[in-house]
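S.K.: Sharing a structure with you now.
The values are calculated or read from the model by the stated rules, or taken from the named source; none is laboratory data. This structure is a prediction, so every number in the text was calculated from the model and none was measured. Cβ placement follows ideal geometry from the backbone for every residue including glycine, while neighbour counts extend to all protein chains displayed. Heavy atoms of the whole protein, side chains included, go into the accessibility calculation; ligands, DNA and RNA do not. Shrake-Rupley method; radii C 1.70, N 1.55, O 1.52, S 1.80 Å.
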Amino acid sequence: MSTKGIRDFRPELHFSPKTGWTNDPNGLVYENGRYHLFYQHNPDDTVWGPMHWGHASSADLLHWEHHPIVMAPDELGMIFSGSAVCDIENTAGFGKDGKTPIVAMFTHHHHTETGDDYEQQSIAYSLDDGMTFTMYEGNPVIPSRMRDFRDPKVFRNEQKGCWGMVLAAGDRVHFYASKDLKSWEKTGEFGPEGNYSEGVWECPDLFPLEVSGETRWVLMVSMGPNEANHGGRVQYFIGAFDGDTFTPDGRFTAPEFIDSGFDNYAAVTYYNTDERILVGWGDNPVYAGDTPTNEFCCVMTAPRVLSLVDTPLGGVRLAGRPVTDNAFDEGTPSDGTLPGEVFKLTVTGEGPCTVTLSNEAGQQFTFGVNEANEAFIDRSKAGARDFNPLFGSDWYSVITAPRFYEGGWKLELTFDHSAAELFLDNGTRVFSQVLFPDAPFTSVSADHAAEIRVHVLK
Ligand code: FRU
């Protein structure tokens, strides 16, 4: 079994490919009772390579069924990231016999030996519930010779009664509109000025959420591997979208990320769901290719339902609730032991507190709230780390984020073999991270008075 890992680290509640490599989630669309997850996929190796769209689907976002690859590199290039929509009104004309097409829009990445790579936008459609796709013969629908011009996210633009799309273009995003998903017109731009992260922007998303009876728009953008940001992370902005372009309400004092942990990149949301559901690539691009997981490499984050919350210390912030909560029971008071490698902990308390998970190998994963009212996680002693110098460094081991609340707290940790997510303060802080303990964590303790409940799978 093992090619590089010390034991089986495959999670049960987080998606991982059967074999080979994955990075970004793509084409997230709900149709006919199934959540589809297409994903950046190299089927022939456990590192990044010729990009295909892999495919899985699920009825509950917890258990995934694997399906055949739907798109492979062709004469226009590799199949990079993108999105998918249900074309209920058959605006593109791909529908047949009353069947609603799923239309995917993605980037064709053209690779040249001379290094003059370029990226163009293409579409493909499915008439069999996402199982197979046919390339549109008019591709590319947005021709270009730009190098960093990718990851189209299509949405319904209600203001203009057409399709909208947001695309990463170098160090900014572009907005587009279309009546038929084939012919696109650019309507605006946002970025890169101000205190926003430097570097290439990737995988944008734009969607409305309600807060205090008002609609605000959230623009999320993955900010490529950037040392200051602890690698690749997803920044977000809150503002207005007038149908053409995005205007932020103001600036956060520092770049604000959808996740305070190390491992959530290229995150985007589902199309055609009542709730706004987010999935990210659950690894960090700076070390993902070296993670010690044998026949597959990389996982997706736990899907998360997003909302906006008006917080006492931070104003309006993005918040999330993990769908994995649906998998666990009500919980029982902890006796200090842990039940296997899939569990949830709910820890309540007030003031500084460090919670420690330990194993027989003397390794520890810690998290909690510090004296400065910051939440933190520390995976510096949590298991294998020498497979990559960055993963093993302090910068990628301990991370803190200020809380948006004072006083009592509730820390909720989901642990799934090698993927752990910590949620606190109504999900306004989330830390997603991977870790590779030599042996299962078997005990839990807290260094200050706290109530610990242990939840097992239902
Ligand atoms: C983000 C990304 C995207 C691109 C894809 C290629 O991780 O770089 O911008 O489309 O991965 O695999």
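S.K.: Output the residue which, of all residues in the range 386-433 that are more than 22 Å from the chain's Cα centre (by Cα) and without any contact (Cβ under 8 Å) to a residue 24 or more places away in the chain, is nearest to PHE252 (Cα to Cα).
M.R.: Ranking the candidates gives ASP394 first.
S.K.: Against the definition (away from the ligand (no atom under 15 Å from the Cβ), in contact (Cβ under 8 Å) with a residue 24 or more places away in the chain, surrounded by 22 or more Cβ atoms within 10 Å (Cβ to Cβ) and in a strand (DSSP E or B)), how does HIS55 come out, yes or no?
M.R.: yes
S.K.: Output yes when any residue across the range 349-362 is at pLDDT 95 or above, touching an Asp or Glu at 6+ places or on another chain (Cβ under 9 Å), of a type in the set (Asp, Glu) and not in a helix (DSSP H, G or I), and no when none is.
M.R.: Checked against the condition, which is being at pLDDT 95 or above, touching an Asp or Glu at 6+ places or on another chain (Cβ under 9 Å), of a type in the set (Asp, Glu) and not in a helix (DSSP H, G or I), the range 349-362 yields at least one hit.
Okay, residues lined up against (1) outside any strand (DSSP E or B); (2) farther than 30 Å from GLY213 by Cβ; (3) touching a residue at least 40 places away in the same chain (Cβ under 8 Å):
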{"position": "VAL268", "(1), (2), (3)": "no, no, yes"}
{"position": "VAL286", "(1), (2), (3)": "yes, yes, yes"}
{"position": "ASN294", "(1), (2), (3)": "yes, yes, yes"}
{"position": "ALA302", "(1), (2), (3)": "yes, no, yes"}
{"position": "SER307", "(1), (2), (3)": "no, no, yes"}
{"position": "ASP310", "(1), (2), (3)": "no, no, yes"}
{"position": "ASN326", "(1), (2), (3)": "yes, no, yes"}
{"position": "GLU330", "(1), (2), (3)": "yes, yes, yes"}
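S.K.: Anything in the range 72-97 that is over 22 Å from the mean Cα position of the chain (by Cα), within 16 Å of the ligand (Cβ to nearest atom) and either closer than 13 Å to GLY130 by Cβ or in a loop (DSSP other than H, G, I, E, B) (or both)? List them, or say none.
M.R.: Result: ALA72, PRO73, LEU76.
S.K.: Now for a separate question. Among the numbered criteria (1) over 19 Å from TYR125 (Cβ atoms); (2) among the charged types (D, E, K, R); (3) in contact with a Pro (Cβ under 7 Å, 6 or more places away or on another chain), which one does ASP8 miss?
M.R.: ASP8 satisfies every listed condition except (3).
S.K.: Quick one: which of ASN359, ASN388, ASN370 is within 30 Å of GLU406 (Cβ to Cβ) and not charged (D, E, K, R)?
M.R.: Among ASN359, ASN388, ASN370, only ASN370 is within 30 Å of GLU406 (Cβ to Cβ) and not charged (D, E, K, R).
S.K.: Pick from SER197, SER178: which is within 16 Å of the ligand (Cβ to nearest atom), of a type in the set (Ser, Thr, Tyr) and crowded, with 16+ Cβ neighbours inside 10 Å? Break it down stepwise before answering.
M.R.: Numbers: SER178 fails: within 16 Å of the ligand (Cβ to nearest atom).
Exactly one of SER197, SER178 is within 16 Å of the ligand (Cβ to nearest atom), of a type in the set (Ser, Thr, Tyr) and crowded, with 16+ Cβ neighbours inside 10 Å, namely SER197.
S.K.: Continuing with this model, one more query. If you go through the range 1-48 one residue at a time, how many are away from the ligand (no atom under 16 Å from the Cβ), farther than 21 Å from PRO68 by Cβ and of a type in the set (A, V, I, L, M, F, W, C)?
M.R.: Adding up the residues that qualify gives 4.
S.K.: With the checklist (1) within 30 Å of ASP438 (Cα to Cα); (2) in contact (Cβ under 8 Å) with a residue 60 or more places away in the chain in hand, flag the one item ARG34 doesn't pass.
M.R.: (1)
S.K.: Checking ILE69 against (1) within 15 Å of the ligand (Cβ to nearest atom); (2) in contact with a Phe, Trp or Tyr (Cβ under 8 Å, 6 or more places away or on another chain); (3) open to solvent by less than 30 Å² (accessible area, probe 1.4 Å); (4) assigned to a strand (DSSP E or B), only one condition comes out false. Which one?
M.R.: Of the numbered conditions (1) within 15 Å of the ligand (Cβ to nearest atom); (2) in contact with a Phe, Trp or Tyr (Cβ under 8 Å, 6 or more places away or on another chain); (3) open to solvent by less than 30 Å² (accessible area, probe 1.4 Å); (4) assigned to a strand (DSSP E or B), the odd one out for ILE69 is (3).
S.K.: Here are some conditions: (1) in a loop (DSSP other than H, G, I, E, B); (2) within 25 Å of HIS110 (Cβ to Cβ); (3) under 18 Å from the mean Cα position of the chain (by Cα). TYR39 meets all but one. Which one does it not meet?
M.R.: Exception for TYR39: condition (1).
S.K.: Counting only residues that are away from the ligand (no atom under 14 Å from the Cβ) and touching a residue at least 12 places away in the same chain (Cβ under 8 Å), which one in the range 98-113 is nearest to ASP205 (Cα to Cα)? Break it down stepwise before answering.
M.R.: Start the filter on the range 98-113 by keeping residues that are away from the ligand (no atom under 14 Å from the Cβ), which leaves 98-103, 112-113.
Imposing the further condition that a residue be touching a residue at least 12 places away in the same chain (Cβ under 8 Å) reduces the set to 99-103.
Working: LYS99: 27, THR100: 24, PRO101: 22, ILE102: 19, VAL103: 17 Å.
Top of the filtered list is VAL103.
S.K.: Let me ask another. Restricting the range 145-163 to residues that are surrounded by 15 or more Cβ atoms within 10 Å (Cβ to Cβ) and within 16 Å of the ligand (Cβ to nearest atom), which is nearest to LYS179 (Cα to Cα)?
M.R.: By that ranking, first place goes to VAL154.
S.K.: If you go through the range 240-260, how many residues are closer than 17 Å to SER197 by Cβ and either of a type in the set (Gly, Ala, Ser) or in a loop (DSSP other than H, G, I, E, B) (or both)?
M.R.: Matching residues across the range 240-260 total 9.
S.K.: Quick one: would you say ASP325 is more than 16 Å from the ligand (Cβ to nearest atom), more than 26 Å from the chain's Cα centre (by Cα) and open to solvent by 10 Å² or more (accessible area, probe 1.4 Å)?
M.R.: So ASP325 does not fit the description; no.
S.K.: Further, regarding this structure: Applying the selection to the range 406-458, what residues are more than 18 Å from ARG379 (Cβ to Cβ) and either at pLDDT below 95 or in a loop (DSSP other than H, G, I, E, B) (or both)?
M.R.: GLU406, GLY407, GLY408, ASP425, ASN426, GLY427, THR428, HIS448, ALA449, ALA450, VAL456, LYS458
S.K.: In the range 260-292, which residues are open to solvent by less than 10 Å² (accessible area, probe 1.4 Å) and polar (S, T, N, Q)?
M.R.: Result: SER260, ASN264, THR269, ASN284, THR291.
S.K.: Same structure again: What do you reckon, is PHE246 closer than 25 Å to ARG147 by Cα, touching a residue at least 40 places away in the same chain (Cβ under 8 Å) and away from the ligand (no atom under 14 Å from the Cβ)?
M.R.: Yes, satisfied.
S.K.: When the range 202-223 is examined, which residues are found to be within 14 Å of the ligand (Cβ to nearest atom) and either open to solvent by 10 Å² or more (accessible area, probe 1.4 Å) or modelled with pLDDT of 95 or more (or both)?
M.R.: Those that are within 14 Å of the ligand (Cβ to nearest atom) and either open to solvent by 10 Å² or more (accessible area, probe 1.4 Å) or modelled with pLDDT of 95 or more (or both): GLU202, CYS203, PRO204, ASP205, MET220, VAL221, SER222.
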